[in-house]
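Nothing in this text is a laboratory measurement; each read-out follows from the coordinates by a stated rule. What you see is a predicted model, and the numbers here were worked out from it, not measured in a lab. For neighbour counting, all protein chains shown are included, and Cβ atoms are generated from backbone atoms with ideal geometry for every residue, glycine included.
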Amino acid sequence: MKLMHLSDLHLGKRVNGFSMLDDQRYILKQILEHVAEEHPDVVILAGDIYDKPVPPAEAVQLFDQFLCGLAEQSVEVMIISGNHDSPERLSYARRFFEHSRIYIS
C-alpha cells in the first residue's frame with residue numbers, strides 16, 4: 001500500500017500581514033500533480049489544515065478545490081483534525097465526502 005502524508009497546511013496563514021494563499025495554492029497544485037504521478041492508495045492529511053479555528057473564506061475555498069482535485073483522482077483521503085481546526089469544522093460535508101472516499105476524524 002502506498003501512502004502520502006501531509007500535515008500542517010495552515011491554509012489561510014498570514015505572515016507579517018502578507019497572505020500566504022497564493023503560495024499555498026501553488027503548493028497544493030504541485031501536490032495534486034505528484035498524486036497523479038505516484039498514484040498513492042491513500043493521502044493522509046494530519047492536522048492543522050487551517051491556520052485558525054475560524055478560517056477565512058478563501059482558505060475554505062482553497063481546501064475545497066484541493067479535495068475536489070483529490071476526489072477526481074479517485075484517491076482515498078483521511079483527514080485528521082489538529083489544534084487549529086476541529087472535527088466539526090472539517091466535517092461540514094462528511095456524508096458527501098464519504099461518497100468521494102474522503103474520511104474525516
Identify the residue in the stretch 45-58 that is surrounded by fewer than 17 Cβ atoms within 10 Å (Cβ to Cβ), outside any loop (DSSP other than H, G, I, E, B) and of a type in the set (A, V, I, L, M, F, W, C) and, among all such residues, is farthest from the chain's Cα centre (by Cα).
ALA57
Working only within the stretch 18-67, note down all residues that are on the phi > 0 side of the Ramachandran plot and small (Gly, Ala, Ser).
GLY47
Between a first residue in the stretch 57-79 that is in contact (Cβ under 8 Å) with a residue 40 or more places away in the chain and a second residue that is part of a helix (DSSP H, G or I) and exposed (fewer than 14 other Cβ atoms within 10 Å of the Cβ), which pairs have beta carbons less than 7 Å apart while being 6 or more apart in sequence or on different chains?
GLN73/ALA36
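Mind listing whichever residues of the stretch 1-29 are among the small types (Gly, Ala, Ser) and surrounded by fewer than 13 Cβ atoms within 10 Å (Cβ to Cβ)? Working first, answer last.
Taking the stretch 1-29 as the starting set, the residues that turn out to be among the small types (Gly, Ala, Ser) are 7, 12, 17, 19.
GLY17, the sole residue that qualifies.
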